[in-house]
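Reviewing the structure listed below.
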Amino acid sequence: MAIILKPDDLYRSCDPKVFTFRTTGDHPGLEGIIGQRRALDAIDFGLNLQSSGFNIYVLGDSGTGKTSAIRTFISRKADTEIVPPDWCYVFNFAEAAEPIAVWMEPGRGVEFQKDMEALIDHLKVEIPKIFESKEYKRQKAVYTDEFQGKQKELFGALEKEAESRGFKIKSAMGGFSIVAIGASGDALTEEEYNTFDQKRKDELRENGKSIQERLDDVMRLLKKEEKETGGKLNELERIAALSVLGHLIEDIKSQHPNNGKLQAYLDAAREDILKSIEDFKAPQEEPPSPLPFLKMQKQEPNFSRYSVNVLVNNGGGKGSPCVFESNPTYYNLFGRIEHKLQIGAAITDFTMIKAGALHKANGGYLVVNALDLLRNIFSYDALKRAIRNREVKIEDVWEQYRLVTTTTMKPEPIPLDVKVILIGTPEIYYLLYNLDEEYRELFKVKADFDNRIERTEANIREYAAFVATKTREERLLPFDASGVARVVEYGSRLAEHQEKLSSKFSDVSNLIRESHYWARKADADVVSGRHVEKALEEKVHRHSRIEDRMRDVTAEGTIIVETSGEAIGQVNGLSVLDTGDYSFGRPSRITATVHAGKRGVVNIERETKLSGKIHEKAVLILSSYLGRKYASRKPISLTASLTFEQLYGMIEGDSATCAELYALLSAIAGVPIRQGIAVTGSMDQNGTVQPIGGANEKIEGFFDLCRLRGLTGEQGVILPMRNARNLMLKKEVVEAVREGKFRIYAIEHVEDGVEILTGIPAGKEGPDGTYPAGTLNRLVEERLTALRNAMKGEEEGEKRKDRED
């Protein structure tokens, strides 16, 4: 049964009286998120469940408030949690290329850094003083004098013994040597030696050998004494340095009693300082160089190994950290090791390690856009690895691709405890879920944001609160009740449903801003309904150039679409053309021809490869309906063709199935169709009309063409009954319907539209299996019978001819 829809069925208005405020300036504003209970419950579940793998993927259309909801939830939860520790990198005295990661209480990292700086600065001043002190010099002199006395005593005894045996001890390069003495008291000459008899020579040789052995013994003893004295002096230096260093190190250790790793580092630092006392002593005057122009630059001591690199400083923070990383490159997520150029070479050390977003979010929450994450090479796989291993490593990711391996630092990994939230589209979510097994194990919580909510009185008030909050945040003009009501109606238009509201608040926000502009331009103090209407009209005007051009060429007849009169086998179908930022309805001629044959229904678009899969399915459903309806007792023998005239692109969708059937039945029965009526609607094999999308745009597109040519009161649109709740038509269409200049028909079965289009009823099948005379079905059946008989006669004639041959 067909129903003519009333004006109130075409647009659901919002009564401004439901609002109790005069303007939104009197409204307290929005608290929380509008609707989205399912998604918010999922977010709350994911944030509070601390088990491994329960990270969150937030999916939904852009502008549905995903990021705002996450920001609100995380900040609210983070405020109630403890502040995570600081993380620092310190020098590894055992392995310089592997810096050590040390945790500290929040804010203590910077304190420790300052303490170490103060310690080194203090040692630079105090250690030179202690070595210049009288007590140190006195004690040092005791050791050196003792050694020198021992040395003098040993060499004195040796020299006496050597002289008694005719030898003298002389210093030589690299040590000492013995020299035989002649009668003159000088070194024995070769001539004098040759005058000796053999006995004298043997005696001299034996004495020399004995003195040399004695000299060797003395040298070994002196080296031992020198070593012992050196040890005493080193111990003296150590004790002297400890008198300055010891209590300072202990003071720092006492501030971190429960940090064993830090205690071990401080012990290692103390030992390294004691081994590097020379670096802290006052610089010695260097002797002048014999070649001044080749003077080498003096090497300054390097104390950077005692520095502390505070990687993460959570001092002064409240609750756990919340990091929103807008550019998730590998280095922005995992940190980097920076370099500096020095004498043409790139050098680095542990103080040049920089934190990434994971370090800053450790102990809290990291929010990343899924598409941005996937766009950046290495980031996605590395993030999964970090979550799985519960640690974050700072690595040179390009090292594996270099031809020559270079020595790089490998900082100690830092334990990771972070909740990762990905924000993205449903397409990316399902792509990752179905293709990546690791993803399913690591992101187990799905927070699905719907793009529309119920149009309840509570949600309408929430819409008003959103308008109030937006105008207050951006310092826009306040809206009165009529302006808010028009925004609510726009929400239903976006949702394409009279009982729903759109949750794409980015579009709603744009409308609020544009309405403010037009109200300001009109010198108004308050944004009212007419300003919102003006904003909508101007937005359409900015984007509708293509629509206007196509409507003009249709009106002038370049694209042939009739809006009056009748035609056999021709009906106006409706489609939606989406340019990305704007979509509009476009009427098209659908024609059908029928003749005797056995090919059945031929889809010309399919034959030319311009038909999509869904459209091909729709034509097959149409063929099945014809067979069920008219071939229950006898087969159908016909060849029919269907096509969209003057459409040269791909045809997709099933919303023209009803229109194609009407064109085909008209061609079969020879009954003309009213060209002032356009048709949209899908159907199943039983003829039940199914809902379609874009109902508002399709009706408005055909209405605009009819209005351009002149409304006659005979024009209208047939659409599925189930689409009536989707109608939120513009006021021009509603007014035309109210004045009787345009009609909109809603049907539940495809036969309900037959009489509207042809003026004759479809007809119901009688007990004898025939249809009443004067009905469309009767005319169709008669024509099909005629076509069947024609085919049968032709086949019999061919058989008779074959027999004669």
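The values are calculated or read from the model by the stated rules, or taken from the named source; none is laboratory data. All figures in this text were calculated on a predicted structure; none of them were measured in a lab. Cβ: placed from backbone, ideal geometry, glycine included. Neighbour counts: every protein chain shown. SASA here: full protein model, heavy atoms, side chains in, ligands and nucleic acids out. Shrake-Rupley method; radii C 1.70, N 1.55, O 1.52, S 1.80 Å.
See the values below:
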read-out: Cα centroid of the range 466-529 to Cα centroid of the range 701-731, whole Å; value: 27
read-out: The range 531-606 - percent of accessible surface contributed by carbon and sulfur, probe 1.4 Å; value: 48
read-out: Most positive-pole-ward Cα, F112, M219, P28, against dipole of the chain from beta carbon charges; value: P28
read-out: Residue-averaged 222 nm ellipticity for the chain, from DSSP H runs of 4+ at -39500 (n - 2.57), nearest 500; value: -15000 deg cm²/dmol
read-out: Interchain or long-range residues, amide H under 5 Å from G53's placed H; value: none
read-out: 5 angstrom amide H check on L416, placed H, neighbours 5+ away; value: E391, V392
read-out: Surface accessible to a 1.4 Å probe, per residue, for the residues of the range 461-527, Å²; value: 39
read-out: Karplus-derived HN-Hα couplings along the range 581-591 (A = 6.51, B = -1.76, C = 1.60, θ = phi - 60°), whole Hz, x at Gly and Pro; value: 9, 7, 10, 8, x, 9, x, 9, 7, 10, 10
read-out: Accessible area (Å², per residue) of the range 1-82, counting only protein heavy atoms and a probe of 1.4 Å; value: 56
read-out: Interatomic Cα distance distribution for the range 518-562, bins of 10 angstrom, percent; value: 25, 31, 21, 16, 6
read-out: Neighbour net charge for V540 - beta-carbon separation under 14 angstrom, K R +1, D E -1; value: -4
read-out: With every protein chain in place, the range 382-486: carbon and sulfur % of accessible area (1.4 Å); value: 48
read-out: Protection-proxy order for peptides 638-644, 76-82, 302-308, each taking the mean of Cβ atoms within 10 Å per residue, highest first; value: 638-644, 302-308, 76-82
read-out: Charge sum, other residues only, whose C-beta stays under 13 Å from Q255's C-beta, Lys/Arg counted +1 and Asp/Glu -1; value: -2
read-out: Euclidean distance between Cα centres, the range 336-380 to the range 622-689, Å; value: 62
read-out: The chain - Rg (one decimal) and Dmax (whole number), Cα, Å; value: 48.2, 166
read-out: Globularity index of the range 562-610, i.e. its alpha-carbon radius of gyration over 2.2 N^0.38 Å; value: 1.54
read-out: Anchor K170: aspartates and glutamates whose Cα lies under 17 Å away (excluding residues fewer than 8 positions away in-chain); value: E153, E159, E161, D186, E213, D216, D217
read-out: Length added when fully stretched, V179-E798, from 0.36 nm per residue minus Cα-Cα; value: 208.5 nm
read-out: Environment charge of G424, counting only residues whose C-beta is closer than 13 Å and scoring Lys/Arg +1, Asp/Glu -1; value: -1
read-out: Volume of the Cα convex hull of the range 360-455, divided per residue and given in Å³; value: 133
read-out: Sulfur and carbon atoms: percent of accessible area, the range 623-737 [1.4 Å]; value: 48
read-out: Difference of contour (0.36 nm per residue) and Cα-Cα distance, V540 to I568; value: 6.5 nm
read-out: ³J(HN,Hα) computed for each position of the range 511-522 - Karplus, 6.51 cos²θ - 1.76 cosθ + 1.60, integer Hz, glycine/proline x; value: 5, 4, 5, 5, 5, 4, 4, 6, 5, 5, 5, 8
read-out: Principal axis box of the range 9-151, alpha-carbon based, largest edge first, Å; value: 120, 40, 24
read-out: Percent RCO, i.e. relative contact order, over the range 436-511, from Cα pairs under 8 Å lying at least 6 residues apart; value: 36
read-out: Amide H contacts under 5 Å for K500, placed H, 5+ residues apart; value: R455
read-out: Selected from M728, Q715, H749, residue furthest toward positive end of dipole (the range 702-792; charges at beta carbon); value: M728
read-out: Computed Kirkwood radius, in angstrom, where 1/r is averaged over Cα pairs of the range 465-580; value: 16.6
read-out: Per residue accessible area in Å² of the range 653-805, where ligands, DNA and RNA are left out and the probe is 1.4 Å; value: 41
read-out: Highest-first arrangement of 493-500, 362-369, where packing means the average Cβ count within 10 Å; value: 362-369, 493-500
read-out: The range 78-136 pair-distance distribution - Cα-Cα, 5 Å bins, rounded %; value: 4, 15, 13, 15, 15, 12, 10, 7, 4, 2, 1, 1, 0
read-out: Principal axes of the range 392-524: Cα extent on each, largest first, Å; value: 70, 35, 28
read-out: The range 520-658: radius of gyration over Cα atoms, expressed as a fraction of 2.2 N^0.38 Å; value: 1.47
read-out: Largest to smallest principal axis extent of the C-alpha atoms in the range 152-265, angstrom; value: 85, 22, 21
read-out: Nearest-10 value in Å² for the accessible area of K504, using the 1.4 Å probe; value: 60
read-out: Karplus-derived 3J(HN,Hα), 6.51/-1.76/1.60, for each residue of the range 662-674, Hz, glycine and proline x; value: 4, 4, 5, 5, 4, 5, 5, 7, x, 9, x, 10, 5
read-out: Cα-based reach from K629 at 12 Å (exclusive), listing aspartates and glutamates while leaving out same-chain residues under 8 positions away; value: E751, E765, E781
read-out: Lysines whose Cα lies under 16 Å from that of K150, excluding same-chain neighbours fewer than 8 positions away; value: K140, K160, K223, K224, K227, K232
